[in-house]
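For reference, the structure discussed in these notes is given below.
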Amino acid sequence: MKIIKELRETRSNIEKCSILTRLTEIEKKVFYYAYNPFLTYGIKGIEQGLIGEPSDNLFSILDTLAKREKTGYEAKYLKSTVIKAEGCLIDLICNKDLDCGVSAKLFNKVYPGFIPEFNIQLAKEVPLADVTYPTIGQIKFDGVRIIAIVKVSENSCKFFTRSGKQINAPELSSTLLRFQELKHDYVLDGEITEATGKSDERTSISGRINSAMIRKHQNNQLCGTLDIDNLIFNVFDYLPLDEFKKSSCLSKYKVRYQALKLLFIVSPICIKIAKNFIFNSAEEVNNAFKELLNKGY
């Protein structure tokens with residue numbers, strides 16, 4: 001793709017956006033398949049050679065890999081046939097990085113909403129005077145925010161940090177899959193902590209999570225695996241995967257929370273549903289805050 005070469009030759013985001021405005025429809029699909037965080041292909045690696053141009057065959061092969069219809073040696077062979085015929089563009093897409101200084105966010109500045117982004121809701125400070133009562137409150141666990149994407153259709157569960165980096169946690173994945181009863185794909189939002197989730201444990205859990213982030217070394221080996229011994233996945237929200245992809249949910253939190261409780265009526269020791277507190281005044285909020293602070297939260 002000549003357009004990738006052009007993008008690599010400038011560091012200016014303004015110039016990159018100008019170049020992106022000239023994309024053809026099939027070139028746009030290359031960026032969609034490469035940077036859509038919900039599309040993965042189960043195979044990585046890079047070969048030196050011409051990048052090549054996109055084709056319908058390329059996207060057909062990528063769809064096959066994304067659906068895991070071909071895995072292992074079969075997937076590698078399938079990818080090699082594309083490289084032989086059309087160049088190494090498929091390698092860049094499977095690696096989720098076209099290596100041209102363009103992110104999904106930058107791409108969406110030119111084509112708003114074209115590529116789904118990995119967005120999660122973050123906490124923000126609100127004056128107590130602006131809160132309407134009664135209201136729901138929860139303990140602020142001191143750990144690492146984790147999003148679990150459970151694809152029932154594929155019997156798979158993947159974990160991501162708030163920034164969208166994937167965590168290698170096969171034991172926790174298999175545990176979640178054993179305890180789910182839904183027939184549709186969904187997302188769990190929560191915080192992984194050690195033991196109680198108090199402030200003095202933050203450094204330790206952050207180190208364990210960082211060591212298990214999926215990134216590649218030169219020998220193409222994963223960095224590590226998250227050992228769930230003495231870890232708790234404190235889950236505080238649930239929603240269908242389709243709604244998560246749209247960054248929009250119509251259900252109120254109390255409805256989602258009830259669905260979460262029904263999902264884990266009997267839950268394993270490493271998964272806990274965050275406890276809700278109902279507050280009827282700012283005084284009750286302040287009293288609860290002081291009490292939890294004194295307990296080390």
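Tabulated data
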item: Taking the chain and dividing mean pair separation by its residue count, relative contact order in percent (alpha carbons under 8 Å, at least six apart); result: 17 percent
item: Length released on extending from Ser163 to Ile26, taking residue separation times 0.36 nm less the Cα-Cα span; result: 46.5 nm
item: Peptide ranges 229-240, 4-15 listed from the most packed, as the mean C-beta count within 10 angstrom indicates; result: 229-240, 4-15
item: Fully extended contour minus Cα-Cα distance, from Thr10 to His184, at 0.36 nm per residue; result: 58.3 nm
item: Dipole of region 25-87, positive direction: furthest Cα of Phe59, Gly72, Ile83, with charges on the beta-carbon; result: Gly72
item: Accessible area, probe 1.4 Å, largest first, for residues Asp130, Asp189, Asp63; result: Asp130, Asp63, Asp189
item: Charge-dipole axis of the chain as Lys and Arg at +1 and Asp and Glu at -1 on Cβ define it, positive-most pick from Tyr186, Gln258, Pro268; result: Tyr186
item: Dipole magnitude of the chain about its Cα centre (Cβ charges: Lys, Arg +1; Asp, Glu -1), debye to nearest 20; result: 120 debye
item: Formal net charge of residues neighbouring Tyr133 (Cβ-Cβ distance under 12 Å; K, R +1; D, E -1); result: -3
item: On Cα atoms only, tilt of 202-211 relative to the major axis of the chain in degrees; result: 20 degrees
item: Residue-normalised accessible area of the chain, expressed per residue, 1.4 Å probe, Å²; result: 57 Å²
item: Accessible surface of the chain, 1.4 Å probe, proportion on carbon and sulfur as whole %; result: 52 percent
item: Of Lys96/Lys158; Lys105/Lys165; Lys29/Lys245; Lys124/Lys183; Lys109/Lys252, those spanning more than 24 Å from alpha-carbon to alpha-carbon; result: Lys124/Lys183; Lys109/Lys252
item: Accessible area of Cys17 in the full protein assembly, 1.4 Å probe (Å², nearest 10); result: 30 Å²
item: Label-to-label distance, nm, for residues given as Ser103 and Asn210 (7 Å Cα→Cβ offset); result: 1.9 nm
item: Lys105, Lys183, Lys79, Lys29, reordered so the largest accessible area comes first (probe 1.4 Å); result: Lys183, Lys105, Lys29, Lys79
item: Normalised per residue, the volume of the convex hull around the Cα set of the chain (Å³); result: 165 Å³
item: For a label point 7 Å along the Cα-to-beta-carbon line of Thr40, residues of region 71-88 with backbone N under 16 Å; result: 71-72
item: For region 249-297: rounded, prolate or oblate by the Cα gyration tensor [a/c cutoff 1.5]; result: oblate
item: Region 138-186: relative contact order as a whole-number percent, Cα under 8 Å and 6+ apart; result: 37 percent
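The values are calculated or read from the model by the stated rules, or taken from the named source; none is laboratory data. Predicted, not measured: the structure shown is a model, and the values here were computed from it. Virtual Cβ from ideal backbone geometry, glycine too; neighbours counted across all protein chains shown. SASA here: full protein model, heavy atoms, side chains in, ligands and nucleic acids out. Shrake-Rupley method; radii C 1.70, N 1.55, O 1.52, S 1.80 Å.
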